[in-house]
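The values are calculated or read from the model by the stated rules, or taken from the named source; none is laboratory data. Keep in mind that what you see is a predicted model, and the values were worked out from it rather than measured. Quick reminder, even Gly has a Cβ in these numbers, built from the backbone with ideal geometry, and neighbours come from all protein chains shown.
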Amino acid sequence: MTDEGDDHPRTVCPLCSVGCHLRQGPESRAKGVAGPANPDGRLCRKGVTAFEIREDEDRLERPLVRRGGRLRPVPWERALETVVDRFEGVLDARGPDALAFLGAPYCTNEENYLLQKLARTLGTNNVDNRSRLCHAESARALAERVGWPATTNGLSDLGEADVVVVAGANPAQRQPVAFNSFLRPAVADGTTLVHVDPVGTETTRLADVHVAPRPGTDALVFALLCARVLDAGGADRAFLRERARDVEAFTGRLADLDRERAASVAGVDPERFDRVVDLVAGADRVAAMVGTGLEGGDRGVPAPETLLDLLVLTGNLGRPGAGLYVLRGLVNEQGATDAGCVPDRLPGHQSVTDPGARDRVADVWDTEPPAEPGRTATELLGSFGEDVHGALVVGENPAVSKRDDDWVRERLAALDALVVLEVAPSETTRHADVVLPAAAGVEKSGTVTNLERRVQRLYATAPPPGEARPDWRVLADIGRRLVDGAQRDSDSAAGDAARVGASTAEDAPRDSDPTAGDTTGEDETGEGTADTFDYQDVAAVFAELAAVAPTHAGCSYADLDGAGRQWPFDGDGVLYRDAFATPDGLAGFSTALPSVEPVAGDGLHLVAGGRTSGFYGDLDADDGRLRIHPADADQRGVGQGDLVTVSHGETAVEVTADRDDGVRRGTVFLPAAVADPFLRRDAATVSVEPAGE
């Protein structure tokens with residue numbers, strides 16, 4: 001797709017989940033193009049770097065196979081044969097559950113779909129991607145209580161909200177185009193913004209009210225808000241009668257909540273909290289936006305549960321200007337899960353334990369998926385070298401995880417077969433037996449799904465370097481050899497010769513057409529060499545996804561040209577207008593209230609910033625500084641700009657201190673990259689002292 005008068009193809013930004021449209025501008029800079037998520041054609045400072053990957057001198061350009069302890073270049077056919085040999089060895093010796101398949105939110109819907117299909121047609125549900133972990137509690141609460149693990153409304157609906165509550169998130173920094181295109185204009189037009197976060201941020205500057213609870217008490221804050229709104233007459237009684245279940249049990253628990261104790265434990269400012277109660281109780285439409293900062297806490301009930309309670313209690317679901325927005329981070333976090341790249345759900349969020357769902361998939365695949373849920377990415381990594389002996393990693397870097405570095409390296413080294421599809425060398429490729437070079441987001445076609453469930457098409461704006469290929473094509477190649485190969489054992493020698501000819505043609509250089517190498521799924525002889533994994537182009541993969549996933553039913557690849565569409569494709573972008581996607585059509589409440597016990601623990605509570613991308617660089621705007629309240633700094637003899645040591649046990653880092661009264665007392669803030677050593681050890685508190693003491 002191109003704009004009139006411009007030779008550069010337009011595509012979707014491959015970095016974050018907002019889904020801005022762009023094209024290549026002067027040199028390697030990206031230029032914004034008006035689209036649904038960026039109606040003014042804006043780009044953020046990350047977006048303008050979207051094409052810089054093409055200038056990376058470290059790009060992988062040829063397949064590599066480890067021989068003699070070193071990764072050495074080989075032809076594609078040799079690399080694919082090695083993958084098949086290694087995986088067949090694991091399958092024959094230990095069975096399909098000895099394999100692991102790890103996808104990524106940087107991969108397209110089609111690529112994540114093919115990865116999970118490969119796993120399941122081989123006989124295992126051991127497939128996962130990290131996006132499922134980033135918003136695990138928010139997604140679980142939505143799925144279990146209203147239907148889908150996804151944002152309920154479109155971004156354009158924010159203009160109809162009376163109140164927007166942003167919790168555990170900083171969209172002004174993390175999703176700036178969406179923030180400036182939709183939330184800022186809404187506030188300018190009269191919407192009241194409430195920011196709930198222990199640390200003041202760029203988002204706080206726009207907020208009318210900033211509630212700064214003690215870290216880890218968000219669940220208690222929203223339970224208390226439910227109780228106080230109920231006291232103030234803010235419950236939507238008609239909505240509760242018609243569209244919710246277990247209302248009396250929930251309101252009974254709220255009646256027993258010790259409001260004074262809860263407020264004390266949460267540490268909220270009484271005057272500010274009273275104002276929020278009045279705002280929510282008196283509003284007709286309330287929307288909430290949540291980030292990963294709301295996923296933690298130790299109150300016994302996850303914070304997303306009690307925030308969802310508030311929306312159900314006040315009838316703020318199923319309408320424009322209401323609902324829950326999950327502020328996902330990377331480009332295809334939503335789509336990776338939609339495509340079934342998770343251990344317990346088939347494409348379209350169908351449970352693997354549901355016989356009807358498995359039958360639906362089997363009708364298309366001619367193979368029934370396993371009925372037993374697989375292991376999560378965390379569990380799989382912990383099983384490397386024990387129960388899991390082979391892994392296919394696509395666009396992910398499990399060597400960088402919230403675990404001890406040495407432990408992770410030992411787990412990766414313990415595998416019999418590690419195959420990695422990647423665009424550039426990483427910590428994980430250093431341990432791989434086979435490395436396959438992949439196309440970057442601006443070099444391939446396919447679809448991605450943004451944070452408002454909008455499925456949009458990527459367009460290849462240039463060919464990948466060297467012999468690199470799109471992941472979907474590589475996965476189809478592996479599937480044809482590994483899955484369909486068993487069905488072809490009795491093929492004639494003529495058929496074998498045709499496949500050899502196809503491989504030779506595939507290894508030939510591509511021409512300068514930006515889409516070259518991204519449209520072939522058959523061998524170049526024109527004869528199909530497989531059934532299950534034989535795709536003519538990426539559109540055929542999407543068509544199969546749409547046939548399998550209820551969320552994507554009724555949409556073709558061509559339908560997504562231009563603005564794309566929000567799933568389910570027969571709706572208007574607002575989920576649950578008439579009924580919830582639950583067995584009885586009703587919304588549920590959480591089954592318990594969070595603990596009101598005082599917060600325990602020594603030291604200063606650590607709040608870490610969100611991470612952008614290890615591949616494109618962590619672009620935190622805090623310059624690695626420690627943000628600390630002036631009163632806490634005075635107690636420790638720390639002045640503005642002083643070098644301090646932040647420690648927890650034996651883990652310590654040295655950073656520059658920034659005295660900031662936007663951070664609540666008893667709390668410190670570190671950017672994600674700096675806080676990483678503490679996050680790996682699940683450190684909730686840290687000590688701070690001047691360096692050298």
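Things to note:
- Within segment 556-582, residues that are in contact (Cβ under 8 Å) with a residue 60 or more places away in the chain and closer than 16 Å to residue 152 by Cβ sit with their Cβ atoms under 6 Å from residues that are of a type outside the set (Phe, Trp, Tyr) and part of a helix (DSSP H, G or I), at 6+ positions apart or across chains, in these pairs: 567/551; 567/552.
- Flag if residue 668 is buried (at least 19 other Cβ atoms within 10 Å of the Cβ) and modelled with pLDDT of 85 or more: yes
- Odd one out for residue 409, checked against (1) modelled with pLDDT of 95 or more; (2) of a type in the set (Lys, Arg); (3) closer than 22 Å to residue 98 by Cβ: (1)
- Flag if residue 158 is assigned by TED's automatic domain parsing to the domain that holds residue 419 and in contact with a strand residue (DSSP E or B) (Cβ under 7 Å, 6 or more places away or on another chain): no
- Yes/no for residue 260 being more than 25 Å from residue 301 (Cα to Cα), of a type outside the set (A, V, I, L, M, F, W, C) and modelled with pLDDT of 95 or more: no
- Flag for residue 121 being in a helix (DSSP H, G or I) and touching a helix residue (DSSP H, G or I) at 6+ places or on another chain (Cβ under 9 Å): yes
- Subset of segment 640-693 that is touching a residue at least 60 places away in the same chain (Cβ under 8 Å) and polar (S, T, N, Q) - its residue that is farthest from residue 399 (Cα to Cα): 667
- Flag for residue 313 being under 24 Å from residue 214 (Cβ atoms) and at pLDDT 95 or above: yes
- Search result, residues across segment 82-116 that are among the β-branched types (Val, Ile, Thr) and in a helix (DSSP H, G or I): 82, 83, 84, 90
- Residues that are free of Cβ contacts under 8 Å to residues at least 12 places away in the same chain number at least 1 in the following helices (runs of 4 or more DSSP H) confined to segment 169-215: 184-188.
- Qualifying residues in segment 280-310 (those that are modelled with pLDDT of 95 or more and among the acidic types (Asp, Glu)) - the one surrounded by the most Cβ atoms within 10 Å (Cβ to Cβ): 309
- Looking only at segment 634-648, and only at residues there that are part of a loop (DSSP other than H, G, I, E, B) and not charged (D, E, K, R), the one that is surrounded by the most Cβ atoms within 10 Å (Cβ to Cβ): 638
- Failed condition for residue 185, given (1) at pLDDT below 95; (2) out of contact with any strand residue (DSSP E or B) (no Cβ under 9 Å at 6 or more places or on another chain); (3) farther than 30 Å from residue 369 by Cβ: (1)
- For segment 75-119, a residue qualifies if it is surrounded by fewer than 23 Cβ atoms within 10 Å (Cβ to Cβ) and polar (S, T, N, Q), and exactly one does: 82.
- Tally, over segment 20-53, of residues that are surrounded by 18 or more Cβ atoms within 10 Å (Cβ to Cβ) and closer than 20 Å to residue 437 by Cβ: 3
- Matching option when the condition is closer than 30 Å to residue 466 by Cβ, in contact (Cβ under 8 Å) with a residue 40 or more places away in the chain and out of contact with any His (no Cβ under 6 Å at 6 or more places or on another chain), among 380, 421: 421
- When the residues of segment 129-148 are filtered to those that are outside any loop (DSSP other than H, G, I, E, B) and basic (Lys, Arg), the one that is modelled with the highest pLDDT is 145.
- For segment 124-133, the criterion of being polar (S, T, N, Q), surrounded by fewer than 24 Cβ atoms within 10 Å (Cβ to Cβ) and under 21 Å from residue 368 (Cβ atoms) is met by no residue.
- Scanning segment 134-148 for residues that are closer than 11 Å to residue 582 by Cβ, among the aliphatic types (A, V, I, L, M) and surrounded by fewer than 20 Cβ atoms within 10 Å (Cβ to Cβ) yields a single hit, 143.
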